[in-house]
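Each remark here refers to the structure printed beneath this line.
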Amino acid sequence: MNIRSIYSLVVGCLLLLGACKQGETGSSAFSSDAAQKVYVAPGEHDEFYAFLSGGYNGQMSVYGLPSGRLLKMLPVFSQNPENGYGYSEESKPMLNTSFGFVPWDDLHHPKLSRTDGMADGRWLFVNANNTPRVARIDLKTFKTVEILEIPNSSGNHCSPYPTNNTEYVIAGTRFSVPIAGEGGIMDVPLDEYKEKFRGSISFIKVDPEHGDMDISFQILVPGFDYDLANGGKGPSEDWVFFTSYNTEQAGTLKEINASLNDKDFVAAINWKKAEEYVKQGKAKEIEAEYYHNKLDEKSHVASSEVKKKVKVLYPEDCPGLMYLIPTPKSPHGVDVDPSGEYITVSGKLASLVPVHSFSKMMTAIENEDFIGDAYGIPILRYESVIAGEVKEAGLGPLHTEFDGRGNAYTSMFVSSEIVKWDLKTFEVLDRMPVYYSVGHLMIPGGDTKDPYGKYLVAMNKITKDRYLPTGPELTHSAQLIDISGDKMKMLLDFPTLSEPHYAQAIPADLIKPNSVKFYRLDENEHPHAIKNENDMKVERNGNVVNVYMTAIRSHLAPDNIEGIHMGDTVYFHVTNLEQDWDVPHGFAVMGNQNAEILVMPGETQTLKWVPTKEGVVSFYCTDFCSALHQEMQGYARVSAKGSNVPIKYWVGNKRKGS
Ligand code: K7E
Ligand code: CUA
């Protein structure tokens, strides 16, 4: 019997005896009123929306807290068979990049837009880690409305971090790359890492009204790996802090060669200063190629624009822009406490959690208390900028969040626990084992200046025996912990979609009232929309056939189509005429290699179909929309190439064509 089964046996017995008083069995006890605390009665709503990244599925998922109910899977960087995202002609451009169409990426970090240091519920920014991009999701529609590629970047991991009024969203590289003086990633021998490679940190300007993104400038930083970042708050709000590892600048076997230095760096960057330098004309414009994809609000059609230039700043030429704080050892997360004074760093290989002081950092900068420089960037003295160290915190610290009551919570990957510690004394106050090997943790508002506290979500990497087995692949597991009292209490396990890294949560009231219920048909500006089924039509243009179709409970118009020939490409432009909440119609064509679509009320979506066989092909609505949903179906006749079957189409006695 292993420790875990002994543990569950002990807890189980205590429960049976009804003797599980909170705290009596140490911090690992879960609350006897746990079920009550997470119970949201049928028909009731959760208190918080939680947005969990999907990790390697490239999507977001939306949960209610405290129930842990899955509300939605929200496609961003990957095609989604649920609603045709990345398959419909309207949404395909969202996945265009300078490398071509990329159907699947890896998404790690969601961050809500902010007003005055608090999440405001307008937009959610997320990163594509593999092919560097930042996306914006509109929380009125829960749709990805914009994706911006990041040039001069590779592995967009420390991304995306909004400043306190969403002036910028900041995105840094994980991999450094050889950036040519005139721009572009060069072809160089890989053993020239030290001489030629640089990292980049991109400052994406966000339109305050509409949220549209644009790269304002980039800072080309020394060739380390940049891992995570966080913006300052209050006194430190002009600053953003990045962890870096591989300050050894190893080009191979980083597992060993990037773990040699006892300390790596936190890079502190003054973004206000950077902005000033750009205004003064210090930035150099270089060549770049990156895609900017946007979904038009009125037509719901996405389009891509290719951008060709980017402005860059070299920090060595910009005094006061960037400083390096030595920090132990291969740091991962960096998190700034609600007051903006404490900068907590989680070194994966460090035995303690260092807490740097912003005010001490400013004094040290003023006194030029430097121990040297790296590539012209001053290195501060560790002792001069340390506020305290959390000793014996746990093994494998990764990330920290705050409850707004003077406590910090750090996730420990190796010792598989959440450790609560005091921001004044740096003493450990409580430990909660989690199952198993936690990565990120999230407290609603826990990264803002005024956390909501109350709950903590641990997002665990390994699930093992937590649920009924489902073969070799298990869902990842999140755990909800009550942090309202002195001791943490375990409330709930719930499964997640793929691998959540970071997450955000916000009171439901900040989003719920703004949620769009359907698209207004009279505002639909899709070029192929028809707003009345009498306008249905099928038009041949060379070997392209455009079908203008409507869907309403419970028929498609037209539902009989003739005159399609082998060698044709058919576009079904389906407009959903419904003007009611939650009445989508689906559309599928037998044998179509380009999937299906799901059309929201008032919206038009286009499905491309290249017939591969002669004969009669059925099509139908895939969403059970009414009692007569099964009747919502039709036929397309596919004739031989060059046949003389003319275009003809009808529904009921409305008949068109020759
Ligand atoms: Cu720690 Cu990609 Cu934020 Cu995962 S990262 S755990
Ligand atoms: Cu429309 Cu089923």
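The values are calculated or read from the model by the stated rules, or taken from the named source; none is laboratory data. Everything numeric here is computed off the predicted structure, so don't read it as measured data. Glycine gets a Cβ as well: all are built from the backbone with ideal geometry, and neighbour counts include every protein chain shown. With ligands, DNA and RNA removed, areas are computed over all heavy atoms of the protein, side chains included. Shrake-Rupley method; radii C 1.70, N 1.55, O 1.52, S 1.80 Å.
Is the C-alpha gyration tensor of the stretch 387-528 telling us rounded, prolate or oblate? Criteria: a/c under 1.5 is rounded; beyond that, a/b larger than b/c is prolate, otherwise oblate.
Values: a/c = 2.63, a/b = 1.50, b/c = 1.76.
Oblate, since a/c reaches 1.5 and b/c is not below a/b.
At what distance in angstrom do the alpha carbon centres of the stretch 320-375 and the stretch 188-232 lie from each other?
What the calculation gives is 19 Å, centre to centre.
What would the Debye formula give as log10 I(q)/I(0) at q = 0.23 Å⁻¹ for the alpha-carbon point model of the stretch 377-452, no solvent?
At q = 0.23 Å⁻¹ the computed log10 ratios are -1.04.
Given a 1.4 angstrom probe, what's the average accessible area per residue across the stretch 140-299, in square angstrom? Write down the numbers at each step before the final one.
Values: 5970 Å² over 160 residues.
The answer is 37 Å² per residue.
Considering the Cα trace of the stretch 303-460, what is its radius of gyration and what is Dmax, both in angstroms?
Cα only, the stretch 303-460: 17.7, 54 Å (Rg, Dmax).
What's the extension gain from ASN644 to ILE462 if we count 0.36 nm per residue and subtract their Cα-Cα distance? If you can, show how the numbers build up before the last one.
Numbers: separation 182, 0.36 × 182 = 65.52 nm, distance 6.15 nm.
Once the chain is fully extended between ASN644 and ILE462, it gains 59.4 nm.
Ignoring everything but the protein chains, give the 1.4 Å probe accessible area of SER32 in square angstrom, nearest 10.
For SER32, the solvent-accessible surface is approximately 80 Å².
For the stretch 212-347, take the convex hull of the Cα atoms, compute a quarter of its surface area, and give me that in nm², please.
Values: hull surface 44.3 nm².
Average projection, Cα convex hull of the stretch 212-347: 11.1 nm².
Write down the Å³ per residue value for the convex hull defined by the alpha carbon atoms of the stretch 91-163.
Value for the stretch 91-163: 85 Å³ per residue.
Straight distance only, please: which aspartates and glutamates reach the Cα of LYS654 with their own Cα at less than 13 Å, same-chain residues fewer than 8 apart left out?
GLU533, ASP535, ASP559
Can you pick out the pairs among LYS233/LYS279; LYS92/LYS196; LYS205/LYS424 whose Cα atoms lie more than 28 Å from each other?
Working: LYS233/LYS279 24 Å; LYS92/LYS196 36 Å; LYS205/LYS424 36 Å.
Those over the limit are LYS92/LYS196; LYS205/LYS424.
Carbon and sulfur: what percent of the stretch 301-366's accessible surface (1.4 Å probe)?
Working: 1170 of 2150 Å².
Accessible surface attributable to carbon and sulfur in the stretch 301-366 totals 54 percent.
Relative contact order for the chain: what percent, with Cα pairs under 8 Å and sequence separation of 6 or more? Working shown, then result.
Working: 1841 pairs, mean separation 70.4, N = 658.
The normalised contact order for the chain reaches 11 percent.
From the P(r) of the chain, can you give the percent of Cα pairs sitting at distances over 36 Å? Don't skip to the end; give the middle numbers.
Working: 96899 of 216153 pairs.
Looking at the chain, the distances longer than 36 Å represent 45 percent of pairs.
Report, in cubic angstrom per residue, the convex hull volume of the C-alpha atoms of the stretch 28-70. Mind showing how you got there, number by number?
Values: hull volume 3.8 nm³, N = 43.
Measuring per residue, one finds 89 Å³ for the Cα hull of the stretch 28-70.
Pull up the DSSP beta bridges for the chain and report the antiparallel fraction as a percent, rounded to 5. The partial results should precede the final answer.
Working: 166 of 184 bridges.
DSSP beta bridges in the chain are roughly 90 percent antiparallel.
Could you order peptides 527-538, 285-296, 352-363 by the average number of other Cβ atoms within 10 Å of their residues, highest first?
Numbers: 527-538: 16.3, 285-296: 18.3, 352-363: 20.3.
In decreasing order of mean packing, 527-538, 285-296, 352-363 become 352-363, 285-296, 527-538.
How big is Rg to Rh over the stretch 29-125, alpha-carbon atoms, Rh as the Kirkwood inverse-mean-distance radius? Display every interim value, and only then the final one.
Numbers: Rg = 17.0 Å, Rh = 15.7 Å.
Reported Rg/Rh (Cα atoms, Kirkwood Rh): 1.08.
Leaving out same-chain residues fewer than 8 places away, which lysines sit with a Cα under 18 Å from that of LYS454?
LYS37, LYS420, LYS487, LYS489
For LYS294, which aspartates and glutamates qualify as cross-link partners when the Cα separation must be under 13 Å and same-chain residues fewer than eight apart are set aside?
GLU90, ASP138, GLU146, GLU149, ASP212, ASP214, GLU305
In a Debye calculation with equal point scatterers on the alpha-carbon sites of the stretch 520-649 and no solvent, what is log10 I(q)/I(0) at q = 0.15, 0.16, 0.19, 0.23 Å⁻¹?
-0.64, -0.73, -1.01, -1.42
So for LYS424, LYS464, LYS72, what's the accessible-area order with a 1.4 Å probe, most first? Intermediate results must be reported in sequence, preceding the final value.
Values: LYS424 170, LYS464 135, LYS72 70 Å².
Largest to smallest exposure gives the sequence LYS424, LYS464, LYS72.
Counting only protein chains, not ligands or nucleic acids, how are SER484, SER200 ordered by accessible area (probe 1.4 Å), most first? Numbers along the way, then the final one.
Details: SER484 70, SER200 0 Å².
So the residues, ranked largest to smallest area, are SER484, SER200.
Over the stretch 51-104, what per residue volume does the convex hull of the Cα atoms give, in whole Å³? Mind dumping the intermediate values first?
Numbers: hull volume 4.1 nm³, N = 54.
Enclosed volume per residue, from the Cα hull, is 76 Å³.
Cα extents of the stretch 284-355 along the three principal axes, largest first, in whole Å?
53, 35, 26
Semi-axes, largest first, in whole Å: what does sqrt of 5 times each Cα gyration tensor eigenvalue give for the stretch 115-256?
Numbers: eigenvalues 169, 53, 33 Å².
Each semi-axis is √(5λ); the values are 29, 16, 13 Å.
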